[in-house]
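Report on the following structure.
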Amino acid sequence: MTKQEVDTFEKLQAQLQGLHNEISVLSKKSQNDALNKFKLKFVNQILVDANKLLGSSYRPFNDFEIFEDEDMPTNSDVAMMLTQYINCFEKLRSDNVKKQDSYPQHWFWIVNGKLSDIRTVMPKIIKEK
């Protein structure tokens, strides 16, 4: 990953998590209600950017890009898809971070193939390296 991709990742992950939190609250209240067009516009904008960053290797579903305006998704549909994207973002993080060897152990992004000084949180999914 590049530094710009790391910056984009961090911004989009925060936006996805925020949307997920908001939509999950709506889904608990009325899961089968359709999301309104105002919210759907922002969800789709973030999904477009997320799809670019994730590429075909990390996207949750190859045949899904954004929600259709004509067929308004339900709150639970959107919450489910946002969960999938959040999980794929964690996989991308896991594949592109490394723990420093010295104490205290912190996690850093691998940028352009080298360990950078950009700290991150420990990934939820830890792969064996």
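Every number in this text was worked out from the coordinates using simple rules, so none of it is lab data. Source: prediction; values computed, not measured. Here the Cβ is made from the backbone with ideal geometry for all residues, glycine too, and neighbour counts use every protein chain on show.
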To check my understanding: the extent here is largest minus smallest coordinate of the Cα atoms along each principal axis. What are those three numbers for the stretch 3-97, in Å, largest first?
38, 23, 19
Which one of PHE64, LEU35, GLN17 is farthest out on the positive end of the charge dipole of the chain, using unit charges on Cβ (Lys, Arg +1; Asp, Glu -1) and the Cα centre as origin?
GLN17
To the nearest 0.05, how large is the calculated FRET efficiency for ASN36 and GLU10 if R₀ is 30 Å and r is the Cβ-Cβ distance?
0.60
If you average the alpha carbon positions of the stretch 73-129 and of the stretch 27-67, how far apart do those two centres end up, in angstrom?
20 Å
Under 5 Å between amide hydrogens, which residues at least 5 positions from VAL97 or on another chain qualify, with H placed 1.01 Å from N in the peptide plane?
ILE110
Restricting to Cα pairs below 8 Å that are 6+ residues apart, what does the relative contact order work out to for the stretch 20-119? Please round to a whole percent.
27 percent
Multiplying the sequence separation of LYS3 and GLU22 by 0.36 nm and subtracting their Cα-Cα distance, what value in nm do you get?
3.9 nm
Calculated FRET value between LYS29 and ASN62, using beta carbons and R₀ = 35 Å, to 0.05:
0.65
Quick one: if the Förster radius is 30 Å, what FRET efficiency do ASN112 and ASP49 give, using the C-beta to C-beta distance and rounding to 0.05?
0.90
Only helices at least 24 Å long along their axis, Cα-based, and averaging 0.0 or more on Kyte-Doolittle count here, so list those DSSP H runs from the chain.
37-58
